[in-house]
Amino acid sequence: MNGFVELARAAAAARQSRPQVALALATLVQVDGSSYRQPGARLLVDAEGRVLAGAVSGGCLEGDVAARAAAVCATGRAARLTYDLRADLETIWGLGAACDGIAHLLLEPLPDWQWMAEAEAIRARRQGGTVVTILDAHGSGTTCLLLDGDSPSARWHPLTDDARLVSPTDVAPIAHTAIRTVMPVLHALSNDASVFVEPLVAPIALHCVGAGRGAAAFAHIAVTLGWHVTILDHRPAMLEALEVPEGVHRRQMRQLDAVQTALSELPHDARTAVALLSHMFDVDAAWLAATLPLPLGYVGVLGSRKRAAQLLASAEATLAASQVEITPRHRHKLHAPIGLDLGGESPASIALAAIAEIEAVMHARPAGFLRERQSPIHSRTPTPTLPEDGRAPTSPTQPLRCELPEPRVD
């Protein structure tokens, strides 16, 4: 999650309460080795050294970054900061963090925060988009451009005059790679400049079928993660009585044959999860038959293995009558019984186990104990290579690095 909602709200609140205090935004643009946060993490600070929102580390860098904001705001010129987490913290705070990476950040003045609200709106439209930051050879840079949509039809929204320094020919394939792989890309345009292109990844859309206590627990946990939650049921009284956080959508389903209509009007992409919680066989079976063929990221069914097998058999029979075959890929997205094996039995515990499983699936992680993970816990797949001749992006066998240009000495 990009966190633009939190950042935009904090910036708006700061402008209202202290309009005379300038704001600055730090962006993590590159990590060498392991780091608590990954490229694209952001931190909002002000010229008086306050940390307002976001994070670029596990808590060890935020204070020092905030302390540097005054100089950046006074000059109106961004600065690039490099922290060797293996040693620098001993110098900064008098204690070492014993981390295993080097963090490269851009700290820039933020005279206008409205672009972050625009970036969040692009994310919510779920049609692709990117944030483009240019890094120059003088140790400066700026977030200069938003792309709304995927190339070549993406709409360009320049944020600063520096947007003229990047051309569609240069940026379009980089943006396409970032969107396809859901990973930021740091790419050298020349000896004098690099671009950091971050995909505006759509928030997870969670559709809970069934308005019981379990659905309320699902909604409360999912909303804290920034997910977009819809609860669907054919019983209006139960929907109205449900106590859910603000922003959760309730949708009444009047009959089973309206399932396809509802799905067509709701997100149904790879960032969508469906949780079948109705405890009604016909309802769950109808939704299972409708959702399995779709390109969803996750479908979970509450209940026992026996019930899940019966539901799957029913869904297969329904689809076979329409000459739709359930493939291994379709089966792979099905999680029945729903959730990780956490051991809890209350509605809240079951919701926690299911939400955790969805989070793991969306991040392509096995959801095991971190102490048993053999690779670094914060490492991610290496940045993919850019596509050539229209081919799909591919991941390299060895990690790639894009060295930031060294600042010029005039």
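Computed from the coordinates by the stated procedures, all read-outs in this text should not be read as laboratory data. Being a predicted model, the structure only gives us computed values, none of them experimental. We place every Cβ from the backbone using ideal geometry, glycine too, and count neighbours over all the protein chains shown.
Relative to the present Cα-Cα distance, how much length would full extension add between ALA121 and ASP341 at 0.36 nm per residue of separation?
Working: separation 220, 0.36 × 220 = 79.20 nm, distance 3.59 nm.
Full extension from ALA121 to ASP341 adds 75.6 nm.
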3J(HN,Hα) from dihedral phi, region 130-140, Karplus parametrisation 6.51/-1.76/1.60, rounded to Hz, x for glycine, proline: 8, 10, 10, 10, 9, 10, 9, 7, 9, x, 10
Region 116-202: C-alpha gyration tensor shape, a/c 1.5 cut-off, then a/b vs b/c: prolate
J(HN,Hα) series, region 206-221, from Karplus relation 6.51 cos²θ - 1.76 cosθ + 1.60, nearest Hz, glycine and proline x: 10, 10, 9, 9, x, 9, x, 4, x, 5, 4, 5, 4, 5, 4, 6
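How large is the dipole of the chain about the Cα centre if only Lys and Arg carry +1 and Asp and Glu carry -1, each at its Cβ, rounded to the nearest 20 debye?
Roughly 880 debye for the chain.
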DSSP beta bridges in the chain [antiparallel fraction, %, rounded to 5]: 70 percent
Average Cα contact separation per residue, the chain, under 8 Å, 6 or more apart, as relative contact order %: 12 percent
Whole-number percent relative contact order across region 111-203, with pairs defined as alpha carbons under 8 Å at least 6 apart: 33 percent
Computed Rg/Rh of region 1-58, alpha carbon atoms with Kirkwood Rh: 1.02
Packing rank of 244-257, 192-205, where each peptide gets the mean count of other beta carbons within 10 Å, highest leading: 192-205, 244-257
Size of electric dipole in region 116-202: Cβ of Lys, Arg +1 and of Asp, Glu -1, about Cα centre, debye, nearest 20: 360 debye
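Please give the contour-minus-distance gain from ASP282 to ARG155: 0.36 nm per residue of separation, less the Cα-Cα distance, rounded to one decimal in nm.
Difference between extended and current length: 41.3 nm.
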Amide H within-cut-off set for LEU200, under 5 Å, with H built and near neighbours excluded: GLY129, THR130, VAL131
J(HN,Hα) series, region 63-73, from Karplus relation 6.51 cos²θ - 1.76 cosθ + 1.60, nearest Hz, glycine and proline x: x, 5, 4, 4, 5, 8, 5, 4, 5, 5, 5
Tensor-based shape of the chain (alpha-carbon gyration tensor, a/c under 1.5 rounded, otherwise prolate or oblate): prolate
FRET efficiency, ALA356 to ALA258 (Cβ-Cβ, R0 35 Å, nearest 0.05): 0.70
